[in-house]
Amino acid sequence: MSVLKLCLVVLAALVLGGTLAACSPVTALNALAPSDTYTRTSVAYGSGSRQMLDVYRPTRTAPAGGWPVVVFFYGGSWNQGERGDYTFVGEALAAHGILTLVADYRLYPEVRYPEFLRDSAAALAWGLSHTQNLGGNPKRVHVMGHSAGGYNAAMLALDPRWLAETGHKPAELAGFIGLAGPYDFLPIENPDAKPVFFHPNYPPGTQPIAYAGPNAPPTFLGAAKEDRLVNPQRNTVGLATRLQAAGRPVTVKMYDRVSHVTLIGAFGRPLRWLAPVLEDVSDFVNQPPP
């Protein structure tokens, strides 16, 4: 079977099954992503083996002031994930003129809450400090995440404790993008996530929705209408409602034809017909700063 046919078979399995299987569909998405839209470098933001990030620098000419920036955190129930699995996300955003950083962070069982938030904050702080040297615009840095990564991104954007430890603050962010993130999820039902948050003895202050206030950055929230893993009404709509009540600008998109997993898979070129999530995120990031 040719590589292309194999990729299409795996992609079909992703669309029909809605899961990241052992014969990883992300391998197919990455294999079909062009390589001429970006240059990629890997850098350390800390001393640990998982404290690394990949920088996707667009090959197109930067606009005046530099490219807008996205620092992206992937999902995996805080149990799994590798930044190399998300080349298709870095490429997609870079092709739309967005300087993109895809970061690893430590996972369970090596760490539990809140250590992966400290890693995420250190990665975002690295981006805030180095954006200008990379050709990005330091006034247009966005934090973005999918699923568990959406939780990480939300906590960095809404709860000032984590960036404060790095000498930064959420006010430096131009925006927050959450895709199918869990923002209000106690008590935990996902067995993979239970030990991460010490179920049933949850530490106080773990829920992003509790920090949705008047200082939140402009926000984009997207989810699958039929998400069976993270309830979109309780989490996405609930957080949006809380932010809107605090007077903050929020864009909410609920998508048909995608699942919890294919929502991020739709960033890959073969799956973009499923939902316009890439275009919506790109429009949000590329809008002129206020």
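The values are calculated or read from the model by the stated rules, or taken from the named source; none is laboratory data. Everything quoted here is computed from the prediction, not taken from an experiment. Positions of Cβ are backbone-derived with ideal geometry, glycine not excepted, and every protein chain shown enters the neighbour counts.
Checking ASP54, ASP104 one by one, the residue that is in contact (Cβ under 8 Å) with a residue 12 or more places away in the chain, within 13 Å of the chain's Cα centre (by Cα) and at negative phi is ASP104 and no other.
Somewhere in region 121-132, is a residue among the small types (Gly, Ala, Ser), over 17 Å from PRO208 (Cβ atoms) and under 13 Å from the mean Cα position of the chain (by Cα)?
To start, the set of residues in region 121-132 that are among the small types (Gly, Ala, Ser) comprises 121-123, 125, 127, 129.
Then drop every residue that is not over 17 Å from PRO208 (Cβ atoms), which leaves 122-123, 125, 127, 129.
Imposing the further condition that a residue be under 13 Å from the mean Cα position of the chain (by Cα) reduces the set to 123.
Yes - at least one qualifying residue is present in region 121-132.
Identify, from the list ASN79, ASN30, the residue that is at pLDDT 95 or above and under 25 Å from ARG228 (Cβ atoms). It is ASN79. Of all residues in region 157-211, those being farther than 23 Å from ALA123 by Cα, of a type in the set (Val, Ile, Thr) and under 20 Å from the mean Cα position of the chain (by Cα) number 0. Residue pairs whose Cβ atoms lie under 6 Å apart, sitting 6 or more positions apart in sequence or on different chains, and linking a residue in region 77-101 that is crowded, with 21+ Cβ neighbours inside 10 Å to a partner that is of a type in the set (Asp, Glu), are ARG83/ASP54; ARG83/ASP104.
Considered as a group, the residues in region 245-274 that are of a type in the set (Gly, Ala, Ser) and either touching a residue at least 40 places away in the same chain (Cβ under 8 Å) or surrounded by 22 or more Cβ atoms within 10 Å (Cβ to Cβ) (or both) include one that is farthest from PHE88 (Cα to Cα), and that residue is SER259. ALA224 meets the stated requirement of being touching a residue at least 12 places away in the same chain (Cβ under 8 Å), surrounded by 15 or more Cβ atoms within 10 Å (Cβ to Cβ) and among the hydrophobic types (A, V, I, L, M, F, W, C). In region 32-51, the residue that is surrounded by the most Cβ atoms within 10 Å (Cβ to Cβ) out of those that are closer than 16 Å to VAL89 by Cβ and either in contact (Cβ under 8 Å) with a residue 24 or more places away in the chain or not polar (S, T, N, Q) (or both) is TYR38.
Any residue that is in contact with a Gly (Cβ under 7 Å, 6 or more places away or on another chain), modelled with pLDDT under 95 and either surrounded by fewer than 12 Cβ atoms within 10 Å (Cβ to Cβ) or closer than 15 Å to GLY135 by Cα (or both) - is there at least one of those in region 52-62?
Just the residues of region 52-62 that are in contact with a Gly (Cβ under 7 Å, 6 or more places away or on another chain), to begin with: 54, 56-58, 60, 62.
The next check asks that each one be modelled with pLDDT under 95; those that pass are 60, 62.
Okay, now just the ones that are also either surrounded by fewer than 12 Cβ atoms within 10 Å (Cβ to Cβ) or closer than 15 Å to GLY135 by Cα (or both), so 60, 62.
Yes, the conditions are met somewhere in region 52-62.
Could you tell me whether region 156-174 includes any residue that is assigned to a helix (DSSP H, G or I) and touching a residue at least 60 places away in the same chain (Cβ under 8 Å)? So that I can check it myself, show each step before the final result.
At the first step, the residues of region 156-174 found to be assigned to a helix (DSSP H, G or I) are 156-158, 161-164, 170-172.
Next, from what is left, pick out any that are touching a residue at least 60 places away in the same chain (Cβ under 8 Å): 157.
Yes, there is a match, as at least one residue in region 156-174 is assigned to a helix (DSSP H, G or I) and touching a residue at least 60 places away in the same chain (Cβ under 8 Å).
Applying the set (1) more than 20 Å from ALA223 (Cα to Cα); (2) touching a residue at least 24 places away in the same chain (Cβ under 8 Å) to ILE177 leaves exactly one unmet item: (1).
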